[in-house]
Structures are given as structure tokens and as C-alpha cells.
Amino acid sequence: MKIFVSSRIRELYIERKTVIEAIHFAGHTPIYIETEPIVTDERARDTMIALLSDADAFLSLYYLSEGRRTPVLNGKTPIEFELDRFLDKRRELQNDAPILMFRRVPEDVNPSHAMVHYFEDIGKSIGVKPIDFDSPDDLQARLEDVLRRYRRKKDQTHVPYKVTIRYMGPDYLGLIGKLSEVIFTTYRLNIDYISHSSSGGHATVCLSCSPRLLPGSPDSMNGVELREVLLDELERDLELATRERRLSGTASVDIAPEVVVDVEPPSALLQQFFLEIRTIDAPGQLNAICKVLREKQYNIDELQLRPTQREYPKQVTITLWLSRLDGGPADLQTEVNRIEAALQYIVGIRGFSTKAVINDELPNISKIARLRKAMVGS
């Protein structure tokens, strides 16, 4: 079930965080806006409307004030506009989509009378009584109790397709934020994985995303259209970043950004292994490690090399995500032992840890992680 969370963003920051995480861990999808404390333009309003159209349920969280009224929301405050919009949707569809109201009990201060009367009137008209709470812990307990009524409406995590996006171009402050904004606000996709690296003003970003089966979401994605939208938004944002001096290092706008988009059916989930290796900082060391992994049929899904702690002079730390092209042995312990045996005698390795992660293809994808550490040398 997709539950839209409506509240003042700054006034109820901790309570809002509590609600969103409780909904998530109860097996539902929280829908929320964190970047628009004050809606001042049509684009922000349209994002709000799009998210409301995807919601199966609505949760109002209120405390002291209703917020600022604005012309772009027809003279309403955001929390009034959101609830009224969801009520209109409920009437149009002629259903009884759940509406939950939680009210924080004020201490030695009087809340806005207009806000209190607004929610009381709405509650009476739809037969919903606000639930009072006095602390985030109290709120979490009461919300968890309410969500138990909707156990059978938990979201399925299977997705019809995956989208892989690759960016190569100038690096600037705000690049990842702009990519995330387009993917979320325009297409309402969830980012499942992202890898970002930059050096000398050049950036490479690879990310994969997928739909969360929101009502009305398309069964397929037009990769050409997505690429054109991303390029247009990134080029405009790059121009703005140039004027605002947000370019990184020696980044140059003379190098046009490149975007590649691939839309594919979801692939089978792999058993992956996470390695963290501490080794001497010497030419050829990484090559020796990669050669052994290649011989053992391990594919390097991701690799990062970084300086290590000061107590380990002239050493570096290499982190890797590995997977087996042939699937590997069925026994997890055998696989972990195989990796450690391959690494422990390589010259220059001072220590390493291995973490195996199994992804099972179940109605709700579960992750079972086991950790085994082995320290070699000192």
C-alpha cells in the first residue's frame, strides 16, 4: 500500500521521520516530499499532485500550525491542499481509501484554531477520529498498531523492468541531485544502485532504477524519451552551475555531457560478495589481485581504491563487489573459503574481510547476510 505522508516539514521533522520509516518497515511504501517546505511554483504543485494520484492511503500529521497559504495552491496551505486533493480523488473513484490522522498534543501552547477546526471538520465528515500522541516513541507505537490492519496490503517488490543510466561529462556540485530529481519527480522511479566517481573535473555516474508498481505507472519505459529529458535537464543545470561557480576542479562546459539509457527486463538476482582488502601501496598490486579473481571466475561488479588509516603507512584499501559468472558453489561457506584461500597468500596483502550476501527470488526479496573476517599479517 502506498501511503502519502502530509505534515509541516520543519515543525514535525522528527515525527515525520518516524512515520515514514514505520510505514516502510511495515512493508508499505511511504510517499512524501522533503524538498518543498513552501510550495511556490507550479512545478512543485504538479509534483505534489502526481504523488497524490499514486497514493492508496493518506496520513495527516499535525501539531501547532497549518502553514502559509499560497495562490498556487488555490489559497490553501500545503497540508490542506494535499488532504482536499486526496478527498476529491476518493470521491471521484467512489472508494473508501484509508485516511489516518495523527495529532501531537501541545504542551503549554495553543495551536492554530483554524487548523484544529479544519481537521476536526474533515474527520467528522469522513468518520475518522484523530489519534493523539505526545512523543515520537508514542507515535511509532500507535502507528504500528494501526498499520496491523493492513498487513494483507503489503507491497510486492517484483518489478516489470529495470532502467540503467550512465552519465559521462563535467562534474559539478548538484549533479547527483539533478539526476535523482528527474528520475523521481518526472518518472517516479526508485534508485536501486548508484556509483559515482570524479577526478580532474570529469564525472562518471552509473545508476539503476525501477518502478515500485505505483498505481497508473506504465508497464514499460521509453528509453529514448528518458535520455532526451535527462540531457535537456542536465544541460540547463550545467549552465546554471557555471553561472553559480559550482563546477568541480578543472571541469569544462566545452565537453558536452553524454547519457546512455538501457531499459531491460529484471535480471536474476546474483549472489554477491563484498571484499575489503588492505594492501601495500605498490605498482602492480591491484593487477595481482584482479588476476587471481579472474582465474577463479569472479567478476568485479564494483571497485574502489582509497587511502587507508594513518596507522597503516604506505598502504591502501581496496573495496570490491564480486559475483560468480557461473553461479558458484551452492554452499555459502565453501564460497567464502574459496575467496579467502585465493587472497591470503598474495604478496602485499596485509588484511581483508569477506561479506557474502545472498538475494533470494521470493515474493518479498529478502537479504541474508553472513560475515566472516580473516586478518592476515599486521
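The values are calculated or read from the model by the stated rules, or taken from the named source; none is laboratory data. All figures in this text were calculated on a predicted structure; none of them were measured in a lab. So basically every Cβ, Gly included, is an ideal-geometry build from the backbone, and we count neighbours across all protein chains shown.
Quick notes on this one:
- Qualifying residue in the range 88-111 (condition: of a type in the set (Gly, Ala, Ser) and in contact with a Leu (Cβ under 7 Å, 6 or more places away or on another chain)): no
- Flag if Val159 is among the aliphatic types (A, V, I, L, M), under 30 Å from Glu225 (Cα atoms) and not in a helix (DSSP H, G or I): yes
- Ile23 vs. criteria free of Cβ contacts under 8 Å to residues at least 60 places away in the same chain and either among the hydrophobic types (A, V, I, L, M, F, W, C) or assigned to a helix (DSSP H, G or I) (or both): no
- Options Gly123, Gly169; residue that is touching a strand residue (DSSP E or B) at 6+ places or on another chain (Cβ under 8 Å), of a type in the set (Gly, Ala, Ser) and outside any helix (DSSP H, G or I): Gly169
- So Phe58, is it closer than 18 Å to Ile9 by Cβ and assigned by TED's automatic domain parsing to the domain that holds Tyr32: yes
- Against the numbered list (1) touching a helix residue (DSSP H, G or I) at 6+ places or on another chain (Cβ under 6 Å); (2) modelled with pLDDT of 95 or more, Thr185 comes up short only at (2).
- Matching residues in the range 69-94 - criterion: being assigned to a loop (DSSP other than H, G, I, E, B) and at pLDDT 90 or above: Arg69, Asn74, Gly75, Thr77
- Residue that is surrounded by the most Cβ atoms within 10 Å (Cβ to Cβ) [pool: residues in the range 240-249 that are under 27 Å from the mean Cα position of the chain (by Cα) and in a helix (DSSP H, G or I)]: Ala241
- Criterion: modelled with pLDDT under 90, outside the structural domain of Lys89 (by TED's automatic domain parsing) and either among the basic types (Lys, Arg) or over 22 Å from Tyr32 (Cα atoms) (or both) - qualifying residue of Met168, Met221: Met221
- Whether a residue is touching a Pro at 6+ places or on another chain (Cβ under 9 Å), loosely packed, with under 11 Cβ neighbours inside 10 Å and farther than 15 Å from Ser6 by Cβ was assessed, and Arg149 passes this test.
- In the range 306-318, residue nearest to Leu231 (Cα to Cα) [restricted to those that are of a type outside the set (S, T, N, Q) and either surrounded by fewer than 15 Cβ atoms within 10 Å (Cβ to Cβ) or not assigned by TED's automatic domain parsing to the domain that holds Ala342 (or both)]: Arg306
- Filtered residue count, the range 301-324, keeping only those that are part of a strand (DSSP E or B) and farther than 18 Å from Gln344 by Cα: 9
- Taken together, the residues in the range 171-182 that are of a type in the set (A, V, I, L, M, F, W, C) and either at pLDDT below 90 or farther than 25 Å from Thr250 by Cα (or both) amount to 1.
- Those residues of the range 95-116 which are part of a loop (DSSP other than H, G, I, E, B), of a type outside the set (D, E, K, R) and more than 28 Å from the chain's Cα centre (by Cα), in sequence order: Asn95, Val105, Pro106, Val109, Asn110, Pro111, Ser112
- Residue satisfying all of: in the range 56-71; within 25 Å of the chain's Cα centre (by Cα) and under 16 Å from Glu34 (Cβ atoms); surrounded by the fewest Cβ atoms within 10 Å (Cβ to Cβ) among these: Leu61
- Count of the range 265-298 residues which are in contact (Cβ under 8 Å) with a residue 60 or more places away in the chain and aromatic (Phe, Trp, Tyr): 2
- Answer from Lys162, Lys89 - the residue that is surrounded by 15 or more Cβ atoms within 10 Å (Cβ to Cβ), touching a strand residue (DSSP E or B) at 6+ places or on another chain (Cβ under 7 Å) and not aliphatic (A, V, I, L, M): Lys162
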